[in-house]
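A.B. asks: What follows is a structure written as structure tokens; I'll ask about it next.
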């Protein structure tokens, strides 16, 4: 618990996670500054998803420090507390609540009420309704707002999920492979949206797709076998001999 | 109440004279005559004389007397031993041992005994049998005298000890002698030696001897030595008792293992929750019943092999039905575990009712082959062959299953499919077929369990129900997807259960174990030996 | 605010349904009391008693549905909450017997005299008061649900694991209540009740009131359930059912939601049990049997999980079938029950109500196509 007085929004130091002897994360350290957008790349099994699990409280690290916003020790908190602190997560596969309408999905994501006893008697406030209308406009789903999540197309679900993230209004947004299985046009749009979000939020993107990472144009961290291999612009890391070896094989 | 023969009233003097004479001459007929005449006091004297005679033929007569089977025929005053044979008594002549036909109680007078006489007879038989040519009889006699600890048998024991050659029997006799010394008014040094000897025996009977001595002894040194000895014996006994409980626990654990191991396959590796698993066990038990039934009527000489014949059949029956269930119901419900639970519960009701309709709702008799009956002692642990075989069998089934999973292509496919279904499918493994076979394997093993359980449980349509909750507890406790966890889980729960029973009683013990597991699952939701990693989420 | 809370969850069909339940609740006792036995409109007491039993089952089914249908917690132990409620009522009724028991002991119930109890066990204190017993009817099942749920939900025991745990719980309770030294009647349970609030439990008038009370309890259960399910809490609840970890990443502490419905549901089951016991006249440990709990789950599945009307309809359909079949063809009943489990899960996952919804949707689609 040494250097907590960091200005970093997210601070990982010496994080190790092992599953039955296999080290998914091995002494990983990482810094994300406020307002930054960071891309994390790495081959399969490099520990990208495990890193996200550690930050969001799904997995407890065996050792190491994970500090959010210079004060919150994330290794001690559960998912709900971490989410309330302001860390949002978007999964690779869009997960919206299928039996809820678009509007209800957004309502559930809306920052604010989370306690069960408050929700029993809660009525939507004017501010909430205004915010919902605003988000529905941004994601262009006003017409579908009473449609069930299950009946949305894949693309609409992606948009709804982005809307939910906006509604949640996190300080830091973790995005897992947002463009997997997307067309080039969709990929381009998504990159735009992420840059848009990055104006007001810090973002960490885990991605395989190099052209997408290039389109984001941000600092890149390369993970390999649970540790950081290289860090810098995409051009810098692409020039790194070790990165080339990891990606192309020995 | 008191039955006095006229002869005894007329000839008391004659009777005592006879006894005096026969004591010297060892004349059995005269001794026996003394037994049947006079009052209880006379009879006691006569018994003492018979014991002193060393006459081997006297022992069965005295035993018959103690059992109330010694009679005098009213017509000719002949002394007879009568054993119940239907409504009649099968008679033998007491002295010669020759058969003497049969007769009814009305023609005979029973020679009466009271409790005091029974004690005297026991001691007399003991000292008589101490000299028996049969080593087993001598040994039992020594044991009987040890339990009686009667100072009056000292003389007989000394005589027998002098003549005895077998060291083990000699040991038993000196222990009996020690016990008798402690009951006598022998001087303290002798008693202290005796206490040392009895203490070495360290069983429940020697504890009784030492406790009695500690209570009754007047000499402080003897009293202290007996008390210390009793304490030591108590400790040894407690250790043996713990060992016995461990054995009972292992025995119960092996039953749990048998019931749970099939479930460890279907639930543990496939993730399919089969509430009809217990009914697969039941089907195995009924297969055993049918096999034995056929053997009884058409080939009785094969009875000892009935379980061996039933094993493969039970596997095929339960496994076949398991495959039908997988193909007919479960495969439509993959990914819906709660619905699978409900559908298989419904199936279990159907199977129970089907068996009830065919075989009736009462318990069916499944016999034990000769090699499964009987028991033996290890130290002070009582081990029955039936339980021993079930423990061995469960371990064999477990080992065979491990081998099957690790060394055969089916095992490889099964592991591949459970770890990564789409990948296995892409590599050309026919996953639906592997699913069916895996489920069939789990059910077949339940069938095998049924064969074993038919030996210790009532074979009824409800047989399976009693095991389903226990089996799930074992699998969940041990760690889902880990067969060794199931083994450890079953044995642990078995032993814990048996250790709780003496304190809490069987039912409360079971409740405590259930509560314990419920709490345990809260602390470690994935069991003792949980697989860690992303795959389990 | 509360009335708004209670009103917002109900759609039109549910309001009609609740009115229907209340109407039947009033009509049967009136027809029983006011018409002469020979009349064509006369409702015999046995029919009223049977329907009263079904109403209690329906409330139990509603309780099961609240946790299973709306929160995805398949409880195989709701029979335990039902039975505990029943036992609380049974204890009150036992104390009302007073000195009219076989042994005539003014304080101790017969079975205690028989078992040589010298004084009343402490946990029997207070059960001579109706109000105390009624509080216990709600409190005892709720406390058990609170304890079990608090542990289980916090350690994230879910799915079939939770189902098995709840089944083990009711199984353990059954074993416990079968013991004579529990001081609760052992395997004979409690029976031979005489009076409730001074009225004979055998009298038709008392039965009519008990029946009416059951109908009111069911209606209230429906109203409260509808309010909970229709609130923003209810939206979160079904979201937990559909995607629990997504809710956690949104910042919801899922345990609280589960615990609240679980406890609410246990309380409803307890009330159902308490109303059931005076109507059937007996409570014994077999009410704890795991088979009973899982049968209640079947009622929900048959009627339609995740709807409020479904469990009520399911409880009536299955129990009507049970009453009829166990009388007419007893051997067939278990086959039918077992087959029902399989058929409903394989072919009718949304139950009768869902089937009706499908038919309605299809006919509407046809109508919509016709003018075009």
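A.B. asks: At pLDDT below 80, within 23 Å of residue A:202 (Cα to Cα) and out of contact with any strand residue (DSSP E or B) (no Cβ under 8 Å at 6 or more places or on another chain) - does that describe any residue in the range A:14-34?
C.D. replies: No; the residues of the range A:14-34 include none that is at pLDDT below 80, within 23 Å of residue A:202 (Cα to Cα) and out of contact with any strand residue (DSSP E or B) (no Cβ under 8 Å at 6 or more places or on another chain).
A.B. asks: Further question on the same structure: Applying the selection to the range A:92-103, what residues are surrounded by fewer than 20 Cβ atoms within 10 Å (Cβ to Cβ) and touching a helix residue (DSSP H, G or I) at 6+ places or on another chain (Cβ under 8 Å)? Reasoning before the result, please.
C.D. replies: Filtering the range A:92-103 for residues surrounded by fewer than 20 Cβ atoms within 10 Å (Cβ to Cβ) gives A:92-95, A:98-99, A:101.
Within the range A:92-103, A:94, A:95, A:98, A:99, A:101 meet the criteria.
A.B. asks: Name the helices (runs of 4 or more DSSP H) wholly inside the range C:1-99 in which the number of residues that are at pLDDT 90 or above, under 20 Å from the mean Cα position of the chain (by Cα) and surrounded by fewer than 18 Cβ atoms within 10 Å (Cβ to Cβ) is 1 or more.
C.D. replies: Working: elements: C:2-8, C:12-34, C:45-71, C:78-97.
It comes to C:12-34, C:45-71.
A.B. asks: Could you check how many residues of the range A:49-75 are surrounded by fewer than 23 Cβ atoms within 10 Å (Cβ to Cβ), away from chain C (no Cβ under 14 Å) and in a helix (DSSP H, G or I)?
C.D. replies: Residues flagged as surrounded by fewer than 23 Cβ atoms within 10 Å (Cβ to Cβ), away from chain C (no Cβ under 14 Å) and in a helix (DSSP H, G or I) within the range A:49-75 amount to 1.
A.B. asks: Looking at the range C:160-250, what helices (runs of 4 or more DSSP H) fall wholly within it and have at least 2 residues that are at pLDDT 90 or above and away from chain A (no Cβ under 14 Å)?
C.D. replies: Numbers: elements: C:204-230, C:232-242, C:244-249.
The qualifying helices (runs of 4 or more DSSP H) are C:204-230.
A.B. asks: Could you please give the count of residues in the range A:110-142 that are within 9 Å of another protein chain (Cβ to nearest Cβ), in a helix (DSSP H, G or I) and in contact (Cβ under 8 Å) with a residue 24 or more places away in the chain?
C.D. replies: First pass over the range A:110-142, keeping only residues within 9 Å of another protein chain (Cβ to nearest Cβ): A:111, A:113-124.
Then keep just the ones that are in a helix (DSSP H, G or I); that gives A:116-120.
From what is left, the residues that are in contact (Cβ under 8 Å) with a residue 24 or more places away in the chain are none.
Residues flagged as within 9 Å of another protein chain (Cβ to nearest Cβ), in a helix (DSSP H, G or I) and in contact (Cβ under 8 Å) with a residue 24 or more places away in the chain within the range A:110-142 amount to 0.
A.B. asks: Regarding the range B:420-430, can at least one residue be identified that is surrounded by 16 or more Cβ atoms within 10 Å (Cβ to Cβ), assigned by TED's automatic domain parsing to the domain that holds residue B:324 and either outside any helix (DSSP H, G or I) or in contact with a strand residue (DSSP E or B) (Cβ under 7 Å, 6 or more places away or on another chain) (or both)?
C.D. replies: Within the range B:420-430, the first condition is being surrounded by 16 or more Cβ atoms within 10 Å (Cβ to Cβ), and the residues that meet it are B:424, B:429.
Those left that are additionally assigned by TED's automatic domain parsing to the domain that holds residue B:324: B:424, B:429.
So of that shortlist, the ones also either outside any helix (DSSP H, G or I) or in contact with a strand residue (DSSP E or B) (Cβ under 7 Å, 6 or more places away or on another chain) (or both) come out as B:429.
Checked the range B:420-430: at least one residue is surrounded by 16 or more Cβ atoms within 10 Å (Cβ to Cβ), assigned by TED's automatic domain parsing to the domain that holds residue B:324 and either outside any helix (DSSP H, G or I) or in contact with a strand residue (DSSP E or B) (Cβ under 7 Å, 6 or more places away or on another chain) (or both).
A.B. asks: Quick check on the range A:171-179. Is at least one of its residues farther than 29 Å from residue A:85 by Cα and surrounded by fewer than 21 Cβ atoms within 10 Å (Cβ to Cβ)? First the steps, then the outcome.
C.D. replies: Keep residues of the range A:171-179 that are farther than 29 Å from residue A:85 by Cα, which gives none.
No, the range A:171-179 has no match at all.
A.B. asks: Now a separate question. Could you list, in sequence order, all residues of the range B:365-394 that are assigned to a helix (DSSP H, G or I) and surrounded by 15 or more Cβ atoms within 10 Å (Cβ to Cβ)?
C.D. replies: Start the filter on the range B:365-394 by keeping residues that are assigned to a helix (DSSP H, G or I), which leaves B:370-372, B:385-394.
B:372, B:385, B:386, B:387, B:388, B:389, B:390, B:391, B:393, B:394, listed by residue number.
A.B. asks: Could you count how many residues in the range B:290-328 are surrounded by 20 or more Cβ atoms within 10 Å (Cβ to Cβ) and within 14 Å of another protein chain (Cβ to nearest Cβ)?
C.D. replies: Within the range B:290-328, residues that are surrounded by 20 or more Cβ atoms within 10 Å (Cβ to Cβ) and within 14 Å of another protein chain (Cβ to nearest Cβ) number 2.
A.B. asks: Yes or no: residue C:278 in contact with a helix residue (DSSP H, G or I) (Cβ under 6 Å, 6 or more places away or on another chain), within 18 Å of residue B:339 (Cβ to Cβ), more than 12 Å from every other protein chain (Cβ to nearest Cβ) and in a helix (DSSP H, G or I)?
C.D. replies: Working: in contact with a helix residue (DSSP H, G or I) (Cβ under 6 Å, 6 or more places away or on another chain): yes; within 18 Å of residue B:339 (Cβ to Cβ): no; more than 12 Å from every other protein chain (Cβ to nearest Cβ): yes; in a helix (DSSP H, G or I): yes.
Considered against the rule, which asks whether it is in contact with a helix residue (DSSP H, G or I) (Cβ under 6 Å, 6 or more places away or on another chain), within 18 Å of residue B:339 (Cβ to Cβ), more than 12 Å from every other protein chain (Cβ to nearest Cβ) and in a helix (DSSP H, G or I), residue C:278 comes out as no.
A.B. asks: Is it the case that some residue within the range C:252-275 is under 14 Å from the mean Cα position of the chain (by Cα) and farther than 19 Å from residue C:84 by Cβ? Lay out the reasoning, then the answer.
C.D. replies: Here is the first cut: in the range C:252-275, the ones under 14 Å from the mean Cα position of the chain (by Cα) are C:262-275.
Then keep just the ones that are farther than 19 Å from residue C:84 by Cβ; that gives none.
Within the range C:252-275, not a single residue is under 14 Å from the mean Cα position of the chain (by Cα) and farther than 19 Å from residue C:84 by Cβ.
A.B. asks: Check B:198, B:255, B:233, B:209 and return the single one that is within 25 Å of residue B:385 (Cα to Cα) and touching a helix residue (DSSP H, G or I) at 6+ places or on another chain (Cβ under 8 Å). Spell out how you get there, then give the answer.
C.D. replies: Numbers: B:198 fails: within 25 Å of residue B:385 (Cα to Cα); B:233 fails: within 25 Å of residue B:385 (Cα to Cα); B:209 fails: within 25 Å of residue B:385 (Cα to Cα).
Just one listed residue meets the conditions, B:255.
A.B. asks: Scanning for something surrounded by 14 or more Cβ atoms within 10 Å (Cβ to Cβ) and free of Cβ contacts under 8 Å to residues at least 40 places away in the same chain, does the range B:273-284 turn up at least one residue?
C.D. replies: Of the range B:273-284, the ones surrounded by 14 or more Cβ atoms within 10 Å (Cβ to Cβ) are B:273-284.
From what's left, free of Cβ contacts under 8 Å to residues at least 40 places away in the same chain: none.
No, every residue in the range B:273-284 fails to be surrounded by 14 or more Cβ atoms within 10 Å (Cβ to Cβ) and free of Cβ contacts under 8 Å to residues at least 40 places away in the same chain.
A.B. asks: Can you say whether residue A:226 is surrounded by 21 or more Cβ atoms within 10 Å (Cβ to Cβ) and over 16 Å from the mean Cα position of the chain (by Cα), as far as the supplied structure shows? Before you say what the answer is, go through the steps one by one.
C.D. replies: Numbers: surrounded by 21 or more Cβ atoms within 10 Å (Cβ to Cβ): yes; over 16 Å from the mean Cα position of the chain (by Cα): yes.
Taking the combined requirement at face value, the residue satisfies it.
A.B. asks: Looking only at the range A:91-106, decide whether some residue is at positive phi and either facing chain C (nearest Cβ under 9 Å) or touching a strand residue (DSSP E or B) at 6+ places or on another chain (Cβ under 7 Å) (or both). Write out each step before concluding.
C.D. replies: Just the residues of the range A:91-106 that are at positive phi, to begin with: none.
No: zero hits.
A.B. asks: Could you check how many residues of the range B:430-464 are over 25 Å from the mean Cα position of the chain (by Cα) and either over 25 Å from residue B:329 (Cβ atoms) or within 13 Å of another protein chain (Cβ to nearest Cβ) (or both)?
C.D. replies: The total comes to 1.
A.B. asks: Could you tell me which of the residues C:335, C:341, C:320 is closer than 28 Å to residue B:353 by Cα, in contact (Cβ under 8 Å) with a residue 12 or more places away in the chain, facing chain B (nearest Cβ under 9 Å) and within 26 Å of the chain's Cα centre (by Cα)? Talk me through it step by step, then tell me what you get.
C.D. replies: Working: C:335 fails: in contact (Cβ under 8 Å) with a residue 12 or more places away in the chain; C:320 fails: facing chain B (nearest Cβ under 9 Å).
That would be C:341, the only listed residue that is closer than 28 Å to residue B:353 by Cα, in contact (Cβ under 8 Å) with a residue 12 or more places away in the chain, facing chain B (nearest Cβ under 9 Å) and within 26 Å of the chain's Cα centre (by Cα).
A.B. asks: Mind listing whichever residues of the range C:144-159 are at the interface with chain B (Cβ under 8 Å from one of its Cβ atoms), in a helix (DSSP H, G or I) and crowded, with 19+ Cβ neighbours inside 10 Å? So that I can check it myself, show each step before the final result.
C.D. replies: Taking the range C:144-159 first, the residues at the interface with chain B (Cβ under 8 Å from one of its Cβ atoms) are C:148, C:151-152, C:154-157, C:159.
Then keep just the ones that are in a helix (DSSP H, G or I); that gives C:148, C:151-152, C:154, C:159.
Passing the criteria: C:148, C:152.
A.B. asks: Also, I was wondering about something else. Since residue B:349 meets every condition but one in (1) buried (at least 20 other Cβ atoms within 10 Å of the Cβ); (2) touching a residue at least 12 places away in the same chain (Cβ under 8 Å), which condition does it not meet?
C.D. replies: It is condition (2) that residue B:349 fails.
A.B. asks: Residues B:348, B:357: which one is over 17 Å from residue B:263 (Cβ atoms), within 9 Å of chain C (Cβ to nearest Cβ) and part of a helix (DSSP H, G or I)? Reasoning before the result, please.
C.D. replies: Numbers: B:348 fails: over 17 Å from residue B:263 (Cβ atoms).
Among B:348, B:357, only B:357 is over 17 Å from residue B:263 (Cβ atoms), within 9 Å of chain C (Cβ to nearest Cβ) and part of a helix (DSSP H, G or I).
A.B. asks: With the checklist (1) within 14 Å of another protein chain (Cβ to nearest Cβ); (2) touching a strand residue (DSSP E or B) at 6+ places or on another chain (Cβ under 8 Å) in hand, flag the one item residue C:96 doesn't pass.
C.D. replies: So the condition that residue C:96 fails would be (1).
A.B. asks: Right, here's the next one. Across the range A:76-90, which residue is farthest from residue A:182 (Cα to Cα) among those that are more than 7 Å from chain C (Cβ to nearest Cβ) and under 13 Å from the mean Cα position of the chain (by Cα)?
C.D. replies: That would be A:82.
A.B. asks: Hey, among A:106, A:28, which residue is buried (at least 23 other Cβ atoms within 10 Å of the Cβ), assigned by TED's automatic domain parsing to the domain that holds residue A:133 and touching a helix residue (DSSP H, G or I) at 6+ places or on another chain (Cβ under 7 Å)?
C.D. replies: Working: A:28 fails: assigned by TED's automatic domain parsing to the domain that holds residue A:133.
Answer to the check: A:106.
A.B. asks: Which of (1) surrounded by fewer than 22 Cβ atoms within 10 Å (Cβ to Cβ); (2) touching a residue at least 40 places away in the same chain (Cβ under 8 Å); (3) within 30 Å of residue B:511 (Cα to Cα) does residue C:179 not meet, given it meets every other one?
C.D. replies: Evaluating residue C:179 over (1) surrounded by fewer than 22 Cβ atoms within 10 Å (Cβ to Cβ); (2) touching a residue at least 40 places away in the same chain (Cβ under 8 Å); (3) within 30 Å of residue B:511 (Cα to Cα) leaves (2) as the failure.
The values are calculated or read from the model by the stated rules, or taken from the named source; none is laboratory data. As the structure is a prediction and not an experimental result, all values here were calculated from the model. Every residue, glycine as well, gets a Cβ built from its backbone with ideal geometry; the counts of neighbours run over all protein chains shown.
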